[in-house]
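Novice: To start, I am sharing the structure in question, which I have written as structure tokens.
The values are calculated or read from the model by the stated rules, or taken from the named source; none is laboratory data. If you're wondering where the values come from, they're calculated on a predicted model, not measured in any experiment. Note: ideal-geometry Cβ built from the backbone for every residue, glycine included; neighbour counts use all protein chains shown. In case anyone asks, the SASA skips ligands and DNA or RNA and just uses the protein heavy atoms, side chains included. Shrake-Rupley method; radii C 1.70, N 1.55, O 1.52, S 1.80 Å.
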Amino acid sequence: MESRPPFRLLEPARLSSSAVFNSPHSGRDYPDELVGRSRLTREGLRASEDVLVDELFAAAPGHGAPLLAATAPRAWLDLNRSPAELDPALIRGVRLRDATLNQRVAAGLGVIPRVVAEGAEIYRTRIALAEAEARIRTVHAPYHAQLESLLVRARDAFGMAVLFDCHSMPSEALRAAPRVDGRCPDVVLGDRFGAAAGRALVLVTQRAFERQGFTVVRNAPFAGGYITQRYGRPALGLHAIQIEIDRGVYLDQVRLEPLAGFAEVRERIGRVVSELAGIASGVAGLAAE
């Protein structure tokens, strides 16, 4: 896996937006060494994948904004985790004082996941610390270096940068989500309860999705992960909004294949992307509201 690029960067012909679109969990380049050591089949490993999210947001370059998309799968390394979130139950040689232990790590969802999203164990045996560190060095570090570079470039060019961190969620994750007029949401926007992005930017993002017929809630059940927390620094001109889309809107969640209406959903999200790229162009005053 070390010789394979951990991401694809799709650049616009002309940079005209302060928006940066990011899809860190859509990677589907499963290395044979992972499949060979796993208790799971290749299909089973895909339970953690944000299937086709990069395709849903593929319109971004056409509207003047870059799209960064992982190629390395989440089951190999989770780009939405801190490199310090090492799981001692999986990684031999991890010293507790050197690891960031929290509920995610305890559940097996550290930077090197022990389980896929449905809780199934990935590995037959534990892995060495040196191997975990190699994955962080060759996948996590270059990905985040590229993402940070894109954000700094946008801020330097436009006075601000707006990161749209794009994800999908299984429908079952929405059981406890707030209802909107009795309806389960299609989209959850996370801004760390206001800490990661300007209030007006979040509002116009919500309205852009609603204009395309999506039901939207904020921060419940997902308020934003490591990426939103790391890069959302409104005082520094860096705004981050996590976008979670219900997989049931566009995907057969058993077969992990697009539904018949996938193209129509992609077109609707493409119109959202167009609007978000537009409002993120030269609107530093809006972000400060």
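Novice: Can you quote the Å³ per residue value for the convex hull of the Cα atoms in the range 135-289, rounded to an integer?
Specialist: Each residue corresponds to 129 Å³ of Cα convex hull volume.
Novice: Report the label-to-label distance for residue 100 and residue 183 in nanometres (one decimal), using points 7 Å from each Cα along the Cα→Cβ vector.
Specialist: So the two model labels end up 3.6 nm from each other.
Novice: Let me ask something else. Report the local net charge at residue 260: Lys and Arg +1, Asp and Glu -1, summed over other residues whose C-beta lies under 13 Å from its C-beta.
Specialist: Its environment carries a net charge of -1.
Novice: Would you please give the residues with an amide H less than 5 Å from that of residue 163, counting only those at least 5 places away or on a separate chain, with H modeled from the backbone geometry?
Specialist: So residue 163 has HN proximity to 20, 239, 240, 241.
Novice: Have a look at 166, 226, 204 and report the one farthest towards the positive end of the charge dipole of the range 164-230, computed about the Cα centre with Cβ charges (Lys/Arg +1, Asp/Glu -1).
Specialist: 204
Novice: Going by alpha carbons, how many degrees (0 to 90, nearest 10) lie between the helix axis of 199-211 and the longest principal axis of the chain?
Specialist: Helix 199-211 sits at roughly 90 degrees to that axis.
Novice: Still on this structure: Based on DSSP H runs of at least 4 residues, each adding -39500 (n - 2.57), what is the mean residue ellipticity at 222 nm of the chain after dividing by all its residues, to the nearest 500 deg cm²/dmol?
Specialist: -8000 deg cm²/dmol
Novice: Still on this structure: With only Lys, Arg, Asp and Glu charged, each at its Cβ (+1 for the first two, -1 for the last two), find how big the charge dipole of the chain is about the Cα centre; round to the nearest 20 debye. Let's see the in-between values first.
Specialist: Values: 36 positive and 34 negative charges, 109 e Å.
It comes to approximately 520 debye.
Novice: Residue separation times 0.36 nm, minus the C-alpha to C-alpha distance between residue 254 and residue 10: what's the value?
Specialist: Separation in residues times 0.36 nm, less the Cα-Cα distance, equals 84.9 nm.
Novice: Can I ask one more? May I ask you to give the solvent-accessible area per residue for the chain, in square angstrom, as obtained with a 1.4 angstrom probe? Display every interim value, and only then the final one.
Specialist: Values: 12150 Å² over 289 residues.
Per-residue accessible area for the chain comes out at 42 Å².
Novice: Any idea how far the Cα center of the range 72-136 sits from the one of the range 223-270, in Å?
Specialist: Using only Cα atoms to place each centre, the spacing works out to 23 Å.
Novice: So if I take the centroid of the Cα atoms in the range 182-213 and the same for the range 160-177, what is the distance between those two points in Å?
Specialist: Using only Cα atoms, the two centres lie 10 Å from each other.
Novice: Provide the per-residue ³J(HN,Hα) series for the range 36-41, in order, calculated from phi with Karplus coefficients 6.51, -1.76, 1.60 and θ = phi - 60°, each as a whole number of Hz, with x at glycine and proline positions.
Specialist: x, 9, 8, 6, 9, 6
Novice: Quick one: what do you get for the range 59-199 if you divide its Cα Rg by 2.2 N^0.38 Å?
Specialist: This ratio for the range 59-199 stands at 1.23.
Novice: Please work out the Kirkwood hydrodynamic radius for the chain, using every pair of different C-alpha atoms, and report it in angstroms with one decimal place.
Specialist: 19.2
Novice: List every residue whose amide H lies under 5 Å from the amide H of residue 252, counting only residues 5 or more places away in sequence or on a different chain, with H placed 1.01 Å from N in the peptide plane.
Specialist: 257, 259
Novice: Using only Cα atoms, what is the ratio of the radius of gyration of the range 1-139 to 2.2 N^0.38 Å? Kindly include the intermediate steps, with their values, before the conclusion.
Specialist: On the way: Rg = 16.0 Å, N = 139, 2.2 N^0.38 = 14.3 Å.
So the Cα radius of gyration is 1.12 times the expected 2.2 N^0.38 Å.
Novice: Label-point separation (nm) for residue 236 and residue 133, each offset 7 Å from Cα along Cα-to-Cβ?
Specialist: 2.6
Novice: With everything on Cα atoms, drop me the angle between helix 262-279 and the longest principal axis of the chain, reported from 0 to 90° to the nearest 10.
Specialist: 60
Novice: Follow-up. Can you pull the Kirkwood radius for the range 212-251, inverse mean 1/r over Cα pairs, to one decimal in Å?
Specialist: Kirkwood hydrodynamic radius for the range 212-251: 11.8 Å.
Novice: What order do you get for 232-240, 16-24 when each peptide is scored by the mean count of other beta carbon atoms within 10 Å, highest first?
Specialist: 16-24, 232-240
Novice: Rounded to whole Hz and in sequence order, give me ³J(HN,Hα) for the range 16-25 from the Karplus expression 6.51 cos²θ - 1.76 cosθ + 1.60, θ = phi - 60°, writing x for Gly and Pro.
Specialist: 10, 9, 7, 7, 10, 9, 9, 10, x, 10
Novice: Moving to a separate point now. Could you tell me the extents of the range 126-174's C-alpha atoms along the three principal axes, largest first, rounded to whole Å?
Specialist: 46, 34, 9
Novice: Looking at 245, 57, 141, which one has the Cα that reaches farthest to the positive end of the dipole of the chain (charges on Cβ: Lys, Arg +1; Asp, Glu -1)?
Specialist: Positive-end residue among those listed: 141.
Novice: Using only Cα atoms, tell me the angle between helix 141-158 and the longest principal axis of the chain; keep it within 0 to 90° and round to the nearest 10.
Specialist: 10
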